[in-house]
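Colleague: Pasting a structure below so you can have a look.
Please treat every number below as a calculation from the coordinates, not as lab data. From a predicted model like this one, the values you see are computed outputs, not experimental measurements. With ideal geometry, Cβ positions are generated from the backbone for all residues, glycine too; neighbour counts draw on all protein chains shown.
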Amino acid sequence: MSKTQKTGTSLLRSLLNAWSWLFLVLILGFFEIYAQLEAGNTFLFRAYNLQSIAVASSQILLLALGLTLVIVAGHIDLSIGFTTGLSAVVMALVIRAAGPDAGLLAVILAMLVGVGAAIVVGLVNGWLVAKLDVPSFIGTLGTYGVARGAALIVAGGATVSIRSDEARAFGNGDLLGVPIPVVVAIVLAVGCHYLLTYTKFGVHTYALGANRASVERAGVDVNKLLIKLFVISAVTAGIGGLVYTGRFSAGAANAGEPILLYAVAAVFIGGASLTGGQGTIIGTVIGAIIIAVIQFGLVFTGLPPYWQFVAVGLVIIVAVLVDQSKSKLTGGRV
Amino acid sequence: MSKTQKTGTSLLRSLLNAWSWLFLVLILGFFEIYAQLEAGNTFLFRAYNLQSIAVASSQILLLALGLTLVIVAGHIDLSIGFTTGLSAVVMALVIRAAGPDAGLLAVILAMLVGVGAAIVVGLVNGWLVAKLDVPSFIGTLGTYGVARGAALIVAGGATVSIRSDEARAFGNGDLLGVPIPVVVAIVLAVGCHYLLTYTKFGVHTYALGANRASVERAGVDVNKLLIKLFVISAVTAGIGGLVYTGRFSAGAANAGEPILLYAVAAVFIGGASLTGGQGTIIGTVIGAIIIAVIQFGLVFTGLPPYWQFVAVGLVIIVAVLVDQSKSKLTGGRV
Amino acid sequence: MSALLQVKGLKKRFGGNEAVSNVNFEVNAGECVVLAGDNGAGKSTVIKMISGVYTPTEGEVYFDGNLLTGQSPEGVRNAGIETIYQDLSLADNLDPGLNLYLGREKTKSVMGFTFLDRAQMRKDAAEVMKGLGIVVPDPSAPVRDLSGGQRQAIAIARAIHWKAKLVIMDEPTAALGVPEQREVMALIHRLKEQGVGIILISHNLPDIFAAADRIIVLARGVVGGERRPAETNDEEIVRLMMGATA
Amino acid sequence: MSALLQVKGLKKRFGGNEAVSNVNFEVNAGECVVLAGDNGAGKSTVIKMISGVYTPTEGEVYFDGNLLTGQSPEGVRNAGIETIYQDLSLADNLDPGLNLYLGREKTKSVMGFTFLDRAQMRKDAAEVMKGLGIVVPDPSAPVRDLSGGQRQAIAIARAIHWKAKLVIMDEPTAALGVPEQREVMALIHRLKEQGVGIILISHNLPDIFAAADRIIVLARGVVGGERRPAETNDEEIVRLMMGATA
Amino acid sequence: EDAKDINITLVPGLTTDAFYITMNRGAQAAAQALGITVDFQGAEEFDPVLQTPVLDAVIARGPDAILIAPTDTTQMIEPLRRAHDQGITVVTVDTFIDDGKYQTGSGDGDFPMSYIASDNTGGGRMAARYMAEAIGGEGQVYVSNVRPGISTTDQREEGFKAEMAENYPNVTVLETQYNENDSSLAASQFAAVLARNPDVKGVFGANLFSALGAGNGVEGAGKADDVTVIAFDAPQSIVDNISSGLVDAAIAQHPAEIGYFGVMAAYAVLTGESVPTSIGTGFTVITADNVGDENIAKFIYSE
Ligand SMILES: Nc1ncnc2c1ncn2[C@@H]1O[C@H](COP(=O)(O)OP(=O)(O)OP(=O)(O)O)[C@@H](O)[C@H]1O
Ligand SMILES: Nc1ncnc2c1ncn2[C@@H]1O[C@H](COP(=O)(O)OP(=O)(O)OP(=O)(O)O)[C@@H](O)[C@H]1O
Ligand SMILES: O[C@@H]1[C@@H](O)[C@H](O)OC[C@H]1O
Ligand SMILES: [Mg+2]
Ligand SMILES: [Mg+2]
């Protein structure tokens, strides 16, 4: 099980470490060449394409960011898919309750309540794993069911549609040409990177993933640490729900569930491991972008859908192989 | 991360160890009392109910059995959902190719070819993880996509329906009142239990999950071991596909995919851990039965569907808590 | 004046096995008490009950006059007790600097934001380890890549780096080279001079005699005898370890 | 007659750090060669290149006249070399019996089916460990629950239980109690008498002098000197460890 | 514009469903007839989060028209508006956005040119009528559905329940059971419903896997003669189950027609002709009695 492990160090170091960059550049190059030769147009140099890919990766990323921290700590959070849904539905309900003329304030309030609902799920997860010693896989699978049921029950069905220009602007507007969901994801990514790389909290998270005894005996309150981790995971997923409601003018109980697997994949493509103790936010960001690029790119090339499944599978494997071969080269493992 | 760990010892010991039995008995008792008091009928003492639950658990189990071995070894196999689908579709195609009068022999041949297709996926998984050092999460996520695409491409769509009395008997017949899918699952469970508990292969699997260096340095060919593990996982999943095609007279590419999460949950409810080195077949069997019983029982009690999601979540958590509290009592952990 | 540490009637049962039964002893400030005993005698179990890793089945520990039992390892460490565990308890994926400061990391402030000061911690680690005679080739490599002795040196560095009132050392020199072993012995003397209490676990008879103010011998979970080094000799200690009655 | 083991020009680089540079030595049947050296000198790295755990950056190892380099740990073990690793390399979740027999488990046949003979392996383990002076309270408990010394005894038991031609011991007594250390020293003598070659790594000078036919001192990855015990003394060995030129 | 340069992309609700695969066949037939190309690109599940990025990429390819089965009435408005804004003709098939009334000058989702479908609510109603007749107008029935949140299957359930409530007061519709597209779970759910309500008379399987599972559950209970199973959609496996008596009837949509008319409508728009804003394609009820009929058999979906 001993693999070259990645722990957060400086931004530069992380960047250099992540050869996945190289892979990303390679596939981008491939699609660009394809576009030029086959279709006589461009893949990369169109704001629309870049924006679409960026928005798609940001939706994956919002689930993957907090999850990265949890996975680095040696745990997993399966509940985030439906936490996203719960927060999306709650936000939509509050906006609806505020009536059709609800202004910006109501939307902000709705967002706070939405994230609040997510935080509750995170607290429960943390409490189960920290205090009751429930393995995180099972504990968060349990809250997955509970959050799903809760979202459907409060929504009184699957979706709650809203009409709010403010919410819509939040999901579809842009800031200097950068779509707001992307701005949100960037801000959160920077925050999570800061947490994981530059704070005590981050070091403790890495140590927890490597050897629980090491942090516990060093005098860290591991229970508190675990609860924080699951709350962060729930918060980024919950913010994903807010973005969802804004983008689609509807809160859906299923909002995050279909992308859960992509989020987990992004974290692992980014260098994390099942056993914990490794993984970086930069890696996860690249992982999410790789996934979004290939999904977009394969449709763009017009590959038939079933072949796309095959191609996505292959690209995921190759992405990791590229990363592996680099560890081999640098002698990280012998 | 140090939890009380379970490793295969004798059957009796495993049985005693698994307090999940107790929980299973408790929920069965609950549903029976409910049936008697509320509905004035019986839950447990109707062959049909038991058969239905048994068949549902066996379908989960067929994916969970091989997966247990992989998880004990500290890995994961996400591809099994679509391996099930691939094998189901391939079996259906061979039967269809054999024509409407295809007899038992053709069906047996079809099953062999179906499992053969699954074995190919298992070999690829093993090769990726063992030889190319691809983390199993990513490697099997990749083959998940490939197997899915392959199943859809060979099926030329989502499902391949067949008309074969022999295949149908395999999926729906019974042996002395025991449904054949259940017989198949029992035979495979006994086989996997034997492998994991009574053979060198099983010991090496546990050791691999605890500390790769321990088996490697003890002179075990870990690559071969890994390949075997992934092939076994693919084979039990593939047999799940055969059962599916038999039961529904159709091979569906997504036959196993919705069950994957339940299969993984069964393994973890049964006492396995993300970090490897623990878990038992008995535990997994109980885990699968618990899941099937609550799915059946909640419908039986007439709980509204959204509340069922909540209840399933809660029961999964409690199942593990019961198991935890027992480890606490016996002082396994301090 | 009451003792710095008082251990009263400690007992620990693991399943059916009573690893430690009714252990009592005291440690005074500036004193080095050696816990000696054969493998499996219960030494590590005793010190883990002091440091908060295990909850005793029975008995209490008092430190500075206050009840310590029931505290988490965090509480014990904050009370002023540092421990070098036999298994080192390092975070294998972190570098020596972060391991040294684990739980008490150094930070610096940049534009109002607080950042870990990795460089400083690394430098400090290199320095403390140099004091023990150890040079680590790449101070930014995770400690997983270090040699057995280098790893042990980090665990030692971590315990002595803080102004503790009591330092517990579970076989601290087991993996150390000859010069490093000497450094640790010298270190123990320096700590004693500063009034720090020490509990040392060791299987090395010369070291035991060199460091101890008192030797407490555990045999199969019970205190087989307590001796001052001047009053005893190798043979008697070994006999006590083997369970001869005091 | 050529040597049992020939180590030729071994070199190992980890990233930018050359942990071992051009190490050469031989071990004859019935001979105990001690690898001495300060922490981080490269001792463990050398023996891992022999046992197949690391592939050397340069150099070869010959055993019984055949090239050993390139073999997996499996191949090396099958060739007749047993190794006690410094980190013990135990499977923490298995009992002592299974660890003792790991890779070579005992089986019995019941009605045509082959079953692991757990009971027998447990019994054997208890016996071999008793020979080392160690009694384990619950022989069916995973080795995770054992004391440091008990764990080390299992690693030793595993290496000496098989009829090896060469036994490599990386600090085998570091966690052992006094009587157990003596047992291991006696064991080394018995093995030598049986014609087994031994490579011993140790930081304990008395043990080194008691066991060694030849002492090879490594300093910062290179052989600093080679001495017969009779020709040298503690001081010189320590000086060589510190990198004084031979 | 030259016909062979016209490019239309069909974006189904999901790519792995017989219904949409058959729709694509119809679309390809139209493409061949017109000498244009029709691409098929979609997501793996019926879900707006997954459909949106596919749609975005399709837009990037710059087809002349997009034929889409939007996976949500409100949620797909924004993504589709992006296509519209780029001058791409949008036609919805099978499902619609907003209220489904296009080109009226009102509503956010007014911009698609046409909606071609058999209405799912209507199909649900039809299933209810057939069910009610089959069970003699009274008794307990339930809907076996995939999961909440799929608009098509939700609408079928809605139509089914509405029809029963309005016209068959003696039929009780029990709680819906969600099976996640897992036939095995659907079968076990039937068993559980039967254990609770021994008199259950019928199951409406809202899609292929729901119906397959219900049929299997009924077979296991030996209730093939007492319990009516109605399936929505008619892939071969359902038709086989009708022949063997496990399923009593299937409400077949006409996906090939939808695909065919969809392409025709888009082509018409692109070539400057006018099209109706809504084209209804019908349903065919397939039963054991008519399954052998050639005119009926053509409505069996390709798999
Ligand atoms: N977590 C545990 N669970 C069960 N038994 C344990 C556990 N920890 C220790 N033991 C048992 O308790 C006894 C005392 O162990 P302890 O580690 O205290 O010994 P020790 O005196 O430190 O020995 P050593 O010198 O070998 O380190 C041993 O027999 C050991 O097997
Ligand atoms: N896997 C590795 N990756 C990188 N550096 C390593 C690795 N293993 C060892 N080293 C470095 O190589 C050098 C030699 O290590 P080695 O373990 O061989 O020392 P040693 O002589 O056995 O020391 P000790 O007596 O402390 O066990 C050390 O500086 C160590 O940090
Ligand atoms: O008919 C389709 C149904 O079978 C699928 O499950 O969901 C989408 C529908 O349009
Ligand atoms: Mg100890
Ligand atoms: Mg060493």
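Colleague: Average partner chain C-beta neighbours within 10 Å, per residue of B:292-305?
Modeller: Per-residue shielding by partner chains comes out at 5.
Colleague: For chain E, what proportion of DSSP beta bridges, expressed in % and rounded to the nearest 5, is antiparallel?
Modeller: 10
Colleague: Now, a different point. With the label 7 angstrom out along Cα to Cβ, how close does B:LEU176 come to the same site in each of the other copies, in nm, nearest first?
Modeller: Copy-to-copy label distances for B:LEU176: 7.7 nm.
Colleague: Taking the Cβ-Cβ separation of D:MET111 and A:LEU261 as r and a Förster radius of 41 Å, what is the calculated FRET efficiency to the nearest 0.05?
Modeller: The value I calculate is 0.35.
Colleague: Something else about it: Given the protein assembly as shown, what percent of its DSSP beta bridges are antiparallel, to the nearest 5?
Modeller: On the way: 60 of 132 bridges.
The antiparallel proportion sits near 45 percent.
Colleague: Calculate the spin-label point distance for B:LEU175 paired with D:ALA79, positioning each point 7 Å from the Cα along the beta-carbon direction, and give it in nanometres.
Modeller: Output for this residue pair reads 4.9 nm.
Colleague: Going by Cα centres, region D:1-37 and region E:83-100 are how many Å apart?
Modeller: Computed from Cα coordinates, the inter-centre distance equals 75 Å.
Colleague: If you count, for each residue, the other Cβ atoms within 10 Å and average over each peptide, how do B:287-298, A:52-63 line up from highest to lowest?
Modeller: On the way: B:287-298: 25.5, A:52-63: 27.6.
The peptides rank, most packed first, as A:52-63, B:287-298.
Colleague: Same structure again: Hey, if you put +1 on the Cβ of every Lys and Arg and -1 on every Asp and Glu Cβ in chain B, which of B:ILE316, B:GLY40, B:VAL184 ends up farthest toward the positive end of that dipole?
Modeller: Farthest towards the positive pole: B:ILE316.
Colleague: Can you list the aspartates and glutamates whose alpha carbon is less than 13 Å from that of B:LYS131, not counting same-chain residues fewer than 8 positions off?
Modeller: Partners found: B:ASP221.
Colleague: Right, next: Return the subset of C:LYS130/C:LYS165; A:LYS200/C:LYS108; C:LYS163/C:LYS192; D:LYS165/D:LYS192; B:LYS200/D:LYS106; B:LYS224/D:LYS11 for which the Cα-Cα distance in this structure is over 18 Å, preserving the input order.
Modeller: C:LYS130/C:LYS165; B:LYS224/D:LYS11, as the Cα separations exceed 18 Å there.
Colleague: What residues have an amide H closer than 5 Å to that of E:LYS201, excluding those fewer than 5 places away on the same chain, when H is modeled at 1.01 Å from N in the peptide plane?
Modeller: Excluding prolines and chain starts, which carry no amide H, the hits are E:GLN140, E:VAL141.
Colleague: Sort shortest first the distances from C:ASP87 to its counterpart in every other copy, using label points 7 Å along the Cα-to-beta-carbon line, and give them in nm.
Modeller: Copy-to-copy label distances at C:ASP87, shortest first: 1.4 nm.
Colleague: What ranking, highest mean first, results for peptides B:248-256, D:85-93 when packing means the other Cβ atoms within 10 Å averaged over each residue? Working shown, then result.
Modeller: Values: B:248-256: 30.9, D:85-93: 22.4.
Top of the packing list down: B:248-256, D:85-93.
Colleague: Quick check: Cα centre of region D:87-102 to Cα centre of region B:202-228, how many Å?
Modeller: Cα centres, region D:87-102 to region B:202-228: 12 Å.
Colleague: Which semi-axes, in whole Å and largest first, does the equivalent ellipsoid of chain D have when worked out from the alpha carbon gyration tensor as the square roots of 5 times its eigenvalues?
Modeller: Square roots of five times the eigenvalues give 32, 21, 16 Å.
Colleague: How tilted is helix C:148-160 with respect to the longest principal axis of chain C? Cα atoms for both, answer in degrees (0 to 90, nearest 10).
Modeller: 90
Colleague: Same structure again: Taking Cα centroids, how far is region A:291-321 from region C:153-222 in Å?
Modeller: If you average the Cα positions of each part, the centres end up 59 Å apart.
Colleague: Would you please classify the overall shape of region B:20-329 from the alpha carbon gyration tensor, given that a ≥ b ≥ c denote the square roots of the eigenvalues, rounded means a/c under 1.5, and beyond that prolate means a/b larger than b/c while oblate covers the rest?
Modeller: Oblate.
Colleague: Moving on. May I have the extent of the alpha carbons of the protein assembly as shown along their three principal axes, as whole Å values ordered from largest to smallest?
Modeller: If we take the Cα atoms of the protein assembly as shown, the spans are 108, 72, 70 Å.
Colleague: State whether region D:97-170 is rounded, prolate or oblate according to the following rule on the C-alpha gyration tensor (a ≥ b ≥ c being the square roots of its eigenvalues): a/c under 1.5 gives rounded; otherwise a/b larger than b/c gives prolate, and the remaining case gives oblate.
Modeller: In terms of gyration-tensor shape, oblate.
Colleague: Within a 10 angstrom radius of the beta carbon, how do E:MET76, A:MET91 rank from fewest other beta carbons to most?
Modeller: Fewest-to-most Cβ neighbours within 10 Å comes out as E:MET76, A:MET91.
Colleague: Helix-derived [θ] at 222 nm for chain E: sum -39500 (n - 2.57) over DSSP H runs of at least 4, divide by residue count, nearest 500? Mind showing how you got there, number by number?
Modeller: Details: 10 runs with 128 residues, N = 303.
Result for chain E: -13500 deg cm²/dmol, rounded to the nearest 500.
Colleague: Which whole number gives the average, over all residues in A:195-208, of C-beta atoms from other chains lying within 10 Å of the residue C-beta?
Modeller: Per residue, the number of nearby Cβ atoms from other chains is 5 on average.
Colleague: Per residue of B:161-173, how many C-beta atoms from partner chains lie within 10 Å of its own C-beta, taken as a mean?
Modeller: Rounded to a whole number, the mean comes out at 2.
Colleague: Also: What number does region B:229-269 give for Rg over Rh if you use C-alpha atoms and the Kirkwood radius?
Modeller: Working: Rg = 11.0 Å, Rh = 11.0 Å.
Radius of gyration over Kirkwood radius for region B:229-269 works out to 1.00.
Colleague: Let me ask you something else. First check a/c for region C:96-225, with a ≥ b ≥ c the square roots of the eigenvalues of its C-alpha gyration tensor; if it is under 1.5, answer rounded, and if not, answer prolate when a/b is larger than b/c or oblate otherwise.
Modeller: In terms of gyration-tensor shape, prolate.
Colleague: If every alpha-carbon in chain E counts as one equal scatterer, what log10 I(q)/I(0) does Debye give at q = 0.07, 0.10 1/Å?
Modeller: Debye intensities relative to I(0), on a log10 scale: -0.27, -0.54.
Colleague: Under a crude label model (7 Å from the Cα following the beta-carbon direction), how far is E:ASN295 from C:PHE209 in nanometres?
Modeller: So the label points at E:ASN295 and C:PHE209 sit 11.3 nm apart.
Colleague: Still on this model: At 18 Å minimum axial length over the Cα atoms and a Kyte-Doolittle cut of 0.0, report the qualifying DSSP H helices in chain A, or say none.
Modeller: The qualifying helices are A:20-34, A:47-72, A:80-97, A:104-130, A:136-155, A:180-198, A:222-248, A:281-301, A:305-329.
Colleague: Using the 7 Å Cα-to-Cβ label point, sort the distances from A:GLY191 to its equivalents in the other copies shortest first and give them in nm to one decimal.
Modeller: Label-point distances to the other copies, shortest first: 5.2 nm.
Colleague: Antiparallel as a % of all DSSP beta bridges within chain C, to the nearest 5?
Modeller: Of those bridges, close to 55 percent are antiparallel.
Colleague: On a 0 to 90 degree scale, rounded to 10, what angle separates helix E:18-34 from the longest Cα axis of chain E?
Modeller: Approximately 30 degrees, to the nearest ten.
Colleague: Turning to a different aspect of this structure: Using the Karplus curve 6.51 cos²θ - 1.76 cosθ + 1.60 with θ = phi - 60°, what ³J(HN,Hα) values do you get for each residue of region D:75-82, in whole Hz, with x for Gly and Pro?
Modeller: Using θ = phi - 60°, the values come out as x, 5, 5, 5, 6, x, 10, 10 Hz.
Colleague: What angle do you read, to the nearest 10 degrees and between 0 and 90, between the alpha-carbon axis of helix E:120-134 and the longest principal axis of chain E?
Modeller: 20
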